[in-house]
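K.L.:
Quick one: this structure, given as structure tokens, is what I'll be asking you about.
The values are calculated or read from the model by the stated rules, or taken from the named source; none is laboratory data. Please read these numbers as outputs of a predicted model, since none were measured by experiment. Positions of Cβ are backbone-derived with ideal geometry, glycine not excepted, and every protein chain shown enters the neighbour counts.
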Amino acid sequence: LEPGHARADPMRLPLQLRAVARLLPAIAKVAVIRTWSGCEGYVRDMLPVMGCSATTPGLFHAFGFCGHGFQLGPGVGDAMAELITTGRCETPLNDFRIDRFSRAA
């Protein structure tokens, strides 16, 4: 992604709320007391990084879900818990290893 791609503009919130209210009219009655925004993390191949660190024993990775973290989170949590507690995982994680970025193509 291009540098500067991720930007949060709090001035857009009223526009976004009006757009949502067209689809869900009851939302127009909601009082917004605070907001939060963040940036999505993306990796080159658009696949998450999961598994053991290639360099640091005892460090495990689970990141780079490219906007799908909420959907994938429960399954990833289950797989990572199994890997961390037993040292193995029934779910194949090899394609998601961190060292895939340093392997020859």
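K.L.:
List every residue pair whose Cβ atoms lie under 8 Å apart, where the two residues are 6 or more positions apart in sequence or sit on different chains, the first residue falls within the range 41-60 and is farther than 17 Å from Gln71 by Cα, and the second residue, located anywhere, is surrounded by 15 or more Cβ atoms within 10 Å (Cβ to Cβ) and of a type in the set (Gly, Ala, Ser).
P.N.:
Every condition considered, the pairs that remain are Val43/Gly64; Phe60/Gly51.
K.L.:
Name the residue, out of Gly38, Gly58, Gly69, Gly75, that is touching a Phe, Trp or Tyr at 6+ places or on another chain (Cβ under 9 Å) and not charged (D, E, K, R).
P.N.:
Among Gly38, Gly58, Gly69, Gly75, only Gly69 is touching a Phe, Trp or Tyr at 6+ places or on another chain (Cβ under 9 Å) and not charged (D, E, K, R).
K.L.:
Moving on to the next point. Counting only residues that are touching a Lys or Arg at 6+ places or on another chain (Cβ under 9 Å) and among the hydrophobic types (A, V, I, L, M, F, W, C), which one in the range 27-53 is surrounded by the fewest Cβ atoms within 10 Å (Cβ to Cβ)?
P.N.:
Cys39
K.L.:
Does the range 66-82 hold any residues that are in a helix (DSSP H, G or I), surrounded by 10 or more Cβ atoms within 10 Å (Cβ to Cβ) and of a type outside the set (S, T, N, Q), and which are they?
P.N.:
Gly69, Leu72, Gly73, Gly75, Val76, Gly77, Asp78, Ala79, Met80, Ala81, Glu82
K.L.:
Hey, any hits in the range 83-92 for a residue that's at pLDDT below 95, among the polar types (S, T, N, Q) and surrounded by 11 or more Cβ atoms within 10 Å (Cβ to Cβ)?
P.N.:
No.
K.L.:
Mind checking which residues of the range 31-86 are among the hydroxyl-bearing types (Ser, Thr, Tyr) and closer than 25 Å to Arg103 by Cα?
P.N.:
Across the range 31-86, the qualifying residues are Tyr42, Ser53, Thr55, Thr56.
K.L.:
Moving on. Any residue at all in the range 18-31 that's without any contact (Cβ under 8 Å) to a residue 60 or more places away in the chain and either in contact with an Asp or Glu (Cβ under 7 Å, 6 or more places away or on another chain) or among the hydroxyl-bearing types (Ser, Thr, Tyr) (or both)?
P.N.:
There is no residue in the range 18-31 that is without any contact (Cβ under 8 Å) to a residue 60 or more places away in the chain and either in contact with an Asp or Glu (Cβ under 7 Å, 6 or more places away or on another chain) or among the hydroxyl-bearing types (Ser, Thr, Tyr) (or both).
K.L.:
Another question, then. Among what's in the range 54-65 and is out of contact with any Cys (no Cβ under 9 Å at 6 or more places or on another chain) and surrounded by fewer than 11 Cβ atoms within 10 Å (Cβ to Cβ), pick the residue that is nearest to Leu83 (Cα to Cα).
P.N.:
Checked the range 54-65; the qualifying residue nearest to Leu83 (Cα to Cα) is Pro57.
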